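The values are calculated or read from the model by the stated rules, or taken from the named source; none is laboratory data. Not measured: the values here are computed from a predicted model. Cβ atoms come from the backbone with ideal geometry, glycine included; neighbour counts cover every protein chain shown.
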Amino acid sequence: MARTAVYYHPRFLDHDTGQHPESAERLVVCRHVLMAADLDLEWIEPRPASLTDIERVHDPAYVRELRLFAERGGGYLDADTVVSPASYEAAVLAAGAGVEAVDRACSGAGPAFLLVRPPGHHALCRRGMGFCLFNNIAVAAAHALEVCGLQRVLILDWDVHHGNGTQDAFYDDPRVLFISLHQRNHYPGTGHVDEIGAGAGLGYTVNVPLPAGAGDGAATAVFESLVEPLLRAYRPQLLLASCGFDSLAGDPLGGLRLSREGCRWMSSRFVALGREVGAVGPVCTLEGGYDPPLLAGAVVATLEGVVGDPAPFQGQSPGRDDLAAVSASRHALAPHWGGVLG
């Protein structure tokens with residue numbers, strides 16, 4: 001397999017959030033641990049995304065207002081989301097990393113991990129929220145559709161928080177199959193099982209809200225019952241992943257209990273399924289994860305899975321509530337997928 005690209009830029013550290021869970025330390029620790037890991041990585045500094053790239057997902061007025069807000073010194077977009085003078089530039093570079101990584105994947109150059117901040121999957125068309133300014137994964141997917149000419153892109157999101165911004169960006173678009181496993185009744189309050197898309201996109205949004213405490217057993221059940229049959233039926237041309245490591249046991253902002261071994265298994269299985277159907281990628285982007293050492297270890301494990309080096313995985317069995325959550329999602333989607341989900 002080709003070397004795994006890691007997209008990183010020092011300017012990401014200049015997005016100054018102060019005393020905040022989403023801090024520069026997350027990337028500092030991750031980069032240090034990745035550079036010491038036994039992985040064949042190619043480090044790439046991304047170029048800024050163009051306005052055209054960003055405005056495929058975000059309203060031009062919001063993009064302009066965010067730039068001016070940063071230039072004037074920044075502040076709080078909402079109670080959680082900080083903007084500093086360098087934040088706009090960092091956000092444009094983070095979005096640009098996704099665009100470049102998609103181009104690289106479509107050229108056959110191999111997988112990529114976006115070690116970027118600010119994160120993106122909560123950012124909506126007209127506003128940032130939840131620590132996010134621009135929706136990096138949505139910008140990458142829109143580029144794949146509109147520039148690379150792809151017709152089927154799959155986005156897998158395993159953050160503890162639902163990726164509401166990514167869902168909204170493609171809710172009526174069958175060219176993107178969005179699958180999210182996240183914690184039930186958690187921020188931002190979206191991602192219910194009956195949120196399955198609209199119009200031509202009906203059935204192409206898949207939400208699996210898991211009970212607090214769900215761990216590796218729940219993740220394997222989601223893959224076996226939903227990800228695997230849907231991916232094989234949809235046959236995506238490109239795999240994208242929003243990797244939120246706040247879903248790990250021990251994260252201060254999460255309530256799920258995934259392990260680093262579970263992350264390794266998920267990424268390995270995702271890649272193997274993609275190869276079955278001829279998909280390129282994956283392009284994986286960092287979303288949440290707020291204990292830097294825990295985060296860094298899980299990023300390494302995820303990349304070990306991406307390159308096909310999973311350790312033997314003995315995840316626990318899913319609990320009754322885990323299976324009920326997966327069953328509810330299957331039931332909501334089954335009418336729109338023929339016999340694929342039974």
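Annotations for the structure displayed:
- Residue check, residue 308 over 24 Å from residue 206 (Cα atoms) and either surrounded by fewer than 16 Cβ atoms within 10 Å (Cβ to Cβ) or touching a Phe, Trp or Tyr at 6+ places or on another chain (Cβ under 6 Å) (or both): yes
Here is a yes/no grid of residues against (1) touching a His at 6+ places or on another chain (Cβ under 7 Å); (2) crowded, with 16+ Cβ neighbours inside 10 Å; (3) hydroxyl-bearing (Ser, Thr, Tyr); (4) at pLDDT 95 or above:
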{"site": "43", "(1), (2), (3), (4)": "no, no, no, yes"}
{"site": "58", "(1), (2), (3), (4)": "no, yes, no, yes"}
{"site": "62", "(1), (2), (3), (4)": "no, yes, yes, yes"}
{"site": "75", "(1), (2), (3), (4)": "no, no, no, yes"}
{"site": "83", "(1), (2), (3), (4)": "no, yes, no, yes"}
{"site": "99", "(1), (2), (3), (4)": "yes, yes, no, yes"}
{"site": "119", "(1), (2), (3), (4)": "no, yes, no, yes"}
{"site": "129", "(1), (2), (3), (4)": "yes, yes, no, yes"}
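Matching residues to (1) modelled with pLDDT of 95 or more; (2) buried (at least 20 other Cβ atoms within 10 Å of the Cβ); (3) closer than 19 Å to residue 176 by Cβ:
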| residue | (1), (2), (3) |
| --- | --- |
| 246 | yes, yes, no |
| 255 | yes, no, no |
| 270 | yes, yes, yes |
| 281 | yes, yes, yes |
| 287 | yes, yes, yes |
| 292 | yes, no, no |
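- Just one of the listed residues (54, 44) is over 26 Å from residue 187 (Cα atoms), within 21 Å of the chain's Cα centre (by Cα) and aliphatic (A, V, I, L, M), namely 44.
- Pairs, first of a type in the set (D, E, K, R) in region 1-13, second assigned to a helix (DSSP H, G or I) and surrounded by fewer than 23 Cβ atoms within 10 Å (Cβ to Cβ), C-beta under 9 Å, six or more apart: 11/89
- Across region 162-189, the number of residues qualifying as outside any strand (DSSP E or B) and either touching a Ser or Thr at 6+ places or on another chain (Cβ under 8 Å) or charged (D, E, K, R) (or both) comes to 12.
- Across region 1-22, the qualifying residues are those that are of a type in the set (A, V, I, L, M, F, W, C) and assigned to a loop (DSSP other than H, G, I, E, B), and the one among them that is surrounded by the most Cβ atoms within 10 Å (Cβ to Cβ) is 2.
- Count of residues meeting criterion [out of contact with any Ser or Thr (no Cβ under 8 Å at 6 or more places or on another chain), outside any helix (DSSP H, G or I), under 29 Å from residue 336 (Cα atoms) and of a type outside the set (S, T, N, Q)] in region 215-265: 5
- Among the residues here, residue 271 does not qualify as under 30 Å from residue 93 (Cβ atoms), out of contact with any strand residue (DSSP E or B) (no Cβ under 8 Å at 6 or more places or on another chain) and aliphatic (A, V, I, L, M).
- Meets criteria (surrounded by fewer than 20 Cβ atoms within 10 Å (Cβ to Cβ), more than 16 Å from residue 29 (Cβ to Cβ) and touching a helix residue (DSSP H, G or I) at 6+ places or on another chain (Cβ under 9 Å)) for residue 276: yes
- Residues in region 136-161 that are in a loop (DSSP other than H, G, I, E, B) and more than 10 Å from the chain's Cα centre (by Cα): 147, 148, 149, 150, 151, 152, 160, 161.
- First in region 126-148 and closer than 15 Å to residue 51 by Cα, second anywhere and in a loop (DSSP other than H, G, I, E, B) and acidic (Asp, Glu), Cβ under 8 Å, 6 or more apart: 126/59
- Under the condition of being farther than 20 Å from residue 230 by Cα, in a helix (DSSP H, G or I) and among the hydrophobic types (A, V, I, L, M, F, W, C), the residues counted in region 266-303 number 8.
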